[in-house]
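Participant: Have a look at the structure that comes next, please.
The values are calculated or read from the model by the stated rules, or taken from the named source; none is laboratory data. This is a predicted model, so every value here is computed, not measured. Every residue, glycine as well, gets a Cβ built from its backbone with ideal geometry; the counts of neighbours run over all protein chains shown. Areas reflect the complete protein model, heavy atoms only, side chains present, ligands, DNA and RNA absent. Shrake-Rupley method; radii C 1.70, N 1.55, O 1.52, S 1.80 Å.
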Amino acid sequence: MCMPMTGRRLTSLLPYVTTAAAGASLLTGCGVLPGATGGSREPVTVMTWAPDQTRATNMPGMPAMAQTFARWVNSQGGINGHELRVLTCNEQNTSAGAAACARRAVREKAVAVVGSYSQNGRAFMAPLEAADIPYIGGYGIAEDEFTSPISYPVNGGVASLIAGHGMQLADSCEKVSLVRPDTTAGDKLPDLLNSGLRKASHRSAVDIPALEDAAEYTQQAGRARTRAAGAKGCVTAVLGERTQTFFDSFRRLPAQQEEEKRDSVRISSVLGSVDQPVIDRTGGAHSPFEGAYVTGWYPAAGDKSWAPMRKVIQEHAFADNRVDPADAGVQTTWIAYTVLKEVIESLDEDTITAGQITRALDRGERIDTGGLTPSLRWKYEDLLGAPGFTRIVNHEVTFQVVRDGRLVAQKPGFVDVGETVLSAP
């Protein structure tokens, strides 16, 4: 059972809290963040959930970043005088887990779910909609994030990434093989990629479905290489955490014929399937991802616009290695909590409710994220309105490439992919 902690009790305990202990309690949801703020304003309770220790994609950095953000704002007196309390939940990559997290958010009177990851949109969105709890800055992996009236996405989701990736590849690749999850969500990816490829009158990609939790992908890797072989061939894989496993299988394929040299096939992916932590783990400049094209939502991790987040992590993450500033989930959570902070400050009320936050967002509160995204606003006229992705307001992406083991900008600034998403079947 979770017991509330006062500022005094937390202060007395903090010297004894170790990083390991913090890690063990991360996804139990039993922690409220340190930094009691005092004053007459009521605390604000929110929830952040993500899967952890599952066989598929895990995002432990998102709840850890939420906790770090709360420690930071509470050390400064809270958000406009409100202590920020963050509940965390392990979504477990299951519908039952997602629904349980959502019901707990309702039960514990969270005023928002912020910066979370779940593929199980139908399971978690219904309880939130019934309680009018806004879902702010989800990772962008579930279609319901872009259709529910209580969802406020900060990026264009996988739809924008894949459509933008097609645009990025169109200039450099004559043949493209796409390896993607054999799931309902994965079934949408070929049309989105092809909508981007068509921007350059490009032929469609070869579609290769694969299990998203397989231990190896030799068969799919061989087929992808064969179909992309030749001049300017590209293999792109979008398998979340298993993308690294796929490219390991790809690297281990038997040597090609002389006329089909390995170097003739270039690899690529999107942010979240490939990011800086993955590149670092697989050898940096000697990684199989060296030279890969990558489409992202945000500026490259080394961009100066991330400096405020990096400072907060350095001072308040307590050496928690889950909070990697180059991780796409951590970055999305930072932006989502930036939205929450600005909305609460704009309300300037002693008590903050879920309904107040929803109404503020619906009436057009404009959010400045410091250059990490375009300014964000969710009025009707700001919505992209693409079928299945009506709630997209940020339809800009970045084109990046791996050089000397670092993800860097392939071209400066953002690329608008709104029309490309709209043109997908």
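Participant: If you roll a 1.4 Å probe over region 273-320 with all protein chains in place, what percent of the accessible area is carbon or sulfur?
Facilitator: 56
Participant: Of the heavy-atom accessible surface of region 67-163 (probe 1.4 angstrom), what whole percent is carbon and sulfur? Show your work: numbers first, answer last.
Facilitator: On the way: 1300 of 2710 Å².
The nonpolar share, carbon plus sulfur, comes to 48 percent.
Participant: Something else about it: As an exercise, use a Förster radius of 25 Å and the Cβ-Cβ distance of Arg363 and Ser423 to find the FRET efficiency, rounded to the nearest 0.05.
Facilitator: The calculated FRET efficiency here is 0.20.
Participant: Something else about it: Please state the relative contact order of the chain as a whole percent: Cα pairs under 8 Å, 6+ residues apart?
Facilitator: Averaging sequence separation for qualifying contacts and normalising by length gives 18 percent for the chain.
Participant: Now for a different question. Report the far tail of the P(r) of region 359-425, meaning the percent of Cα-Cα pairs longer than 21 Å.
Facilitator: Tail of P(r) above 21 Å: 39 percent of Cα pairs.
Participant: Solvent-accessible area per residue for region 328-425 at a 1.4 Å probe radius, Å²?
Facilitator: The answer is 41 Å² per residue.
Participant: Moving on to the next point. Quickly work out the His286-to-Thr183 label distance, labels modelled 7 Å from Cα along the C-beta direction, and quote it in nm with one decimal.
Facilitator: 3.4
Participant: Return a whole-number percent for the relative contact order of region 241-384, with Cα pairs under 8 Å and 6 or more residues apart as the contact set.
Facilitator: Here the relative contact order equals 18 percent.
Participant: Kindly flag which residue pairs out of Lys311/Lys411; Lys311/Lys341; Lys109/Lys341; Lys341/Lys411; Lys188/Lys379 have an alpha-carbon separation exceeding 23 Å in this structure.
Facilitator: Violating the 23 Å limit, Cα to Cα: Lys311/Lys411; Lys341/Lys411; Lys188/Lys379.
Participant: Estimate the FRET efficiency between Lys199 and Glu381 by the formula 1/(1 + (r/R0)^6), using the beta-carbon distance for r and 25 Å for R0, to the nearest 0.05.
Facilitator: E(calc), rounded to 0.05, equals 0.45.
Participant: What's the local net charge at Pro325, with K and R +1, D and E -1, over the other residues with C-beta under 13 Å away?
Facilitator: -3
Participant: At 1.4 Å probe size, with every protein chain present, just tell me what the per residue accessible area of region 39-141 comes to in Å².
Facilitator: On the way: 3300 Å² over 103 residues.
On a per-residue basis, region 39-141 sits at 32 Å².
Participant: Stokes-Einstein at 37 °C, 0.692 mPa s, Kirkwood radius from Cα pairs: D for region 104-251 in µm² s⁻¹?
Facilitator: Details: Rh = 16.7 Å.
Using the Kirkwood radius from Cα pairs, D works out to 197 µm²/s.
Participant: How far apart, in nanometres, would the label points at Arg122 and Gln314 be if each is projected 7 angstrom from Cα along the Cα-to-Cβ direction?
Facilitator: Inter-label distance under the simple model: 4.7 nm.
Participant: Sorted from largest down, what three extents in whole angstroms do the Cα atoms of region 269-419 have along their principal axes?
Facilitator: Extents along the principal axes, in whole Å: 52, 42, 24.
Participant: Something else: Over all distinct alpha-carbon pairs, what is the Kirkwood Rh of the chain in angstrom? Walk me through the intermediate numbers first.
Facilitator: Working: mean 1/r = 0.0457 Å⁻¹.
After inverting the mean inverse Cα-Cα distance, the result is 21.9 Å.
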